[in-house]
Amino acid sequence: MQADLTLRELLEVGAEEIRSRREATLLLSAVAGLDLAQLHLRGDDPVPPELERRYRQTIRDRARGVPFQIITGTTEFHDVTLRMEPGVFIPRPETELLVEEAREAITARTGPVAVLDLGTGSGAIAVALAVAFRGREEVTVYAGDRDGQAVCLARENAERNGVDHRIDVRESDLFSAFSELAGTLDLVVSNPPYIDPADSDTLPVEVRLGDPAGALYDSEGGTGFHRRIAAEAVNFLQPGGHLMLEIGETHGDEVAAVLRERGYRDVRVRQDLAGRDRFVIGERPGPGVG
């Protein structure tokens, strides 16, 4: 009769199959319900058959491309931990730079500040901003998503991070559920869908398995949502308010031109850490300024 594997031996099995000791360790930690220190100290413990079965299935899922965040049910984003579930977009590290841009814009303002995050998904941007300004009660964050599942998850993540009283999350097709905010917002941020469906075969298997199509693809070639948001945001931003949009890396000039056509000023394209165009930022002009 074969002896039970130890936790350390089972970890080696996982690391060899997915070629990542770090992920194999984190997955075993999650499946076993042990933190990393406990996992190390109990490395010689025998593994119960049910735990081994669940871990091997987890490793198989990861090997075929199921995102790590979906398997573990959580992800780290900026300074917050978010619960994740299948069917909701997984926030990416580059979007943390959009949070930093938004933080700078909010910090530069005095008095009450109103922020709207469109297409919030898991609530990543909205929750990160609410947590960043936890001590500044006059900063109010609104968030919207057209998907009801995402709205529920965003609300849960706001509660998990202790900022549910600071974020108003609504089911909304872009601005549709926020009509009373017209002319009052200081900042509109969004990471909208920007992948052309024709490019779907070029995406990593993790993206195709882990993210809902509605959060990825734009049937207008990657800038359709940006055009809609830029057109409508003019009516929702206060004069001097900012629009910040994440973009596809080849869309910088096109989206910047869209904002200029809509009357935004000081339009600029910002790069991510890899030097690729990733964000377009513009300021709504004040009265009489075009």
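The table below lists the values:
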quantity	calculated
Members of segment 172-209 that are at pLDDT below 95 and in a helix (DSSP H, G or I)	Pro197, Ala198, Asp199, Ser200, Asp201, Thr202, Val205, Glu206, Val207, Arg208, Leu209
Among residues of segment 177-203, those that are in contact (Cβ under 8 Å) with a residue 12 or more places away in the chain and either more than 25 Å from Pro93 (Cα to Cα) or open to solvent by 70 Å² or more (accessible area, probe 1.4 Å) (or both), counted	7
Number of positions in segment 35-62 that are touching a residue at least 12 places away in the same chain (Cβ under 8 Å) and either among the β-branched types (Val, Ile, Thr) or open to solvent by less than 80 Å² (accessible area, probe 1.4 Å) (or both)	11
Residue match in segment 215-234 (condition: under 19 Å from the mean Cα position of the chain (by Cα), of a type in the set (Gly, Ala, Ser) and more than 25 Å from Gly73 (Cα to Cα))	yes
Residues within segment 153-170 that are open to solvent by less than 20 Å² (accessible area, probe 1.4 Å), in a helix (DSSP H, G or I) and farther than 9 Å from Ala130 by Cβ, tallied	3
Residues within segment 31-75 that are touching a strand residue (DSSP E or B) at 6+ places or on another chain (Cβ under 8 Å) and within 19 Å of Gly123 (Cβ to Cβ), tallied	4
Strands (runs of 3 or more DSSP E) contained entirely in segment 75-152, each with at least 2 residues that are open to solvent by less than 20 Å² (accessible area, probe 1.4 Å), under 30 Å from Arg208 (Cβ atoms) and without any contact (Cβ under 8 Å) to a residue 60 or more places away in the chain	139-145
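The values are calculated or read from the model by the stated rules, or taken from the named source; none is laboratory data. All figures in this text were calculated on a predicted structure; none of them were measured in a lab. All Cβ positions, even for glycine, are placed from backbone atoms using ideal geometry, and neighbour counts span all protein chains on display. When the accessible area is computed, the model is the full protein with side chains, heavy atoms only, and any ligands, DNA or RNA have been set aside. Shrake-Rupley method; radii C 1.70, N 1.55, O 1.52, S 1.80 Å.
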